[in-house]
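Here the structure comes first, spelled out in structure tokens, and everything after it is commentary.
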Amino acid sequence: HAKRLGGDRLEAFRPSLRTHGGDALTMEADLRKAIEKEEIRILYQPILSIAENRIAGFEALVRWDHPKRGRVPPQEFISIAERTGLIIPLGLFVLDKTARQLSQWQEEFEQDPPLFASVNVSSRQLIRHDLINDVKSVMSRVDLARGSLKIEVTESLVMENPEYTAKVLIRIKELGASLALDDFGTGYSSLSYLQRFPFDTIKIDQSFVRGDGKERPLLLKTIVGLGRDLGMSVVAEGVETEEQAKELKLLGCDYAQGFHYGQPIPPEEVRRLLDRRQRV
Ligand code: C2E
Ligand code: CA
Ligand code: CA
Ligand code: CA
């Protein structure tokens, strides 16, 4: 199939081809080792409060620098991790590490409301494994401001098994975490799910923030208004330009995340960033 495609397209297909066939086994073994040896790193991307123009929190994003293959994109190794069940230890690692990190930052850099951090969760973590227990054990070990650890789930995840998912999410909130609906606007049943699930935050998908369709400004405005009317905070993802930032400010969007404000960075850089900000 891929052979029929010309130069560039074949290049573009190579990463996903690697995950099929025999190679997937090596990748699985490598990934297992990487988790054990903690070769997987977590970077944190700043999320800004638009009204206050300051850092309000971070999203944790995993990175795997493979010794031979170089950086493996998260979408690729997360799908391997999901198929092989490795997502369970990987997910717990990200949750635990991020919670500890956040607790340190909250202690060092006090602000009101306290800094938050959000962690992405896969369907397999939620459905096949007891995410409730993971959150519970992390919360009991780490001292965090209530609601400051946010769990991000996508619309498609929620739709897989809405009844069960609703129960799990309600329990997770009771444990003191908060919930964000990721990639909002890319699924199908957005509106009914917003009502049925106890989300605190919706994250507007990048395609609404950066797209160039004629109806995009109206859609953006509608989503921001919807979030506000439902009492949820709204994060715009993928903000890359000053112009987009200004547009979001005018719309009254609460938070923004994107390369315009900052790339995902390692914890040392986060500390420097918060440090500099405090001295201003
Ligand atoms: P996501 O949750 O939608 O994360 C946002 C993605 O957009 C990140 O890609 C981030 O680096 C990128 N991004 C942020 N700002 C901009 C921008 O201004 N422009 C553009 N073009 N991109 C921007 P990344 O880090 O490659 O992660 C891709 C996806 O991998 C994530 O999408 C998430 O679905 C998944 N992922 C990452 N870390 C984890 C994790 O720890 N667990 C799970 N289950 N999934 C994860
Ligand atoms: Ca996310
Ligand atoms: Ca997203
Ligand atoms: Ca995504």
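The values are calculated or read from the model by the stated rules, or taken from the named source; none is laboratory data. This structure is a prediction, so every number in the text was calculated from the model and none was measured. Glycine gets a Cβ as well: all are built from the backbone with ideal geometry, and neighbour counts include every protein chain shown. The area values use the complete protein model at the heavy-atom level, side chains included, leaving out ligands, DNA and RNA. Shrake-Rupley method; radii C 1.70, N 1.55, O 1.52, S 1.80 Å.
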Once the dipole of the chain is set up with Lys and Arg at +1 and Asp and Glu at -1 on Cβ about the Cα centre, which of Ser178, Val135, Leu61 lies farthest towards its positive end? Leu61
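Taking 0.36 nm per residue of separation and subtracting the Cα-Cα distance, what length does fully extending Arg63 through Glu107 add?
13.3 nm
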Is segment 82-212 best put as rounded, prolate or oblate by its Cα gyration tensor, with a ≥ b ≥ c the root eigenvalues, rounded for a/c under 1.5, and otherwise prolate when a/b is larger than b/c, oblate when not? oblate
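Tally up the carbon and sulfur contribution to the accessible surface of the chain as a whole percent, 1.4 Å probe, everything protein left in place.
Roughly 51 percent of what the probe reaches on the chain is carbon or sulfur.
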Interchain or long-range residues, amide H under 5 Å from Arg54's placed H: Ser49
On full extension of the chain, what length is gained from His129 through Asp275, given 0.36 nm per residue of separation minus the C-alpha to C-alpha distance? 48.7 nm
Probe 1.4 Å, protein heavy atoms only - accessible area per residue of the chain in square angstrom: 52 Å²
Can you list residues whose amide H is under 5 Å from Ser118's amide H, if they're 5+ apart or on another chain and H is modeled 1.01 Å from N? Phe58, Glu59, Ala60, Lys150
Peptides ranked, highest mean first, by Cβ atoms within 10 Å: ranges 220-232, 116-128, 68-80: 116-128, 220-232, 68-80
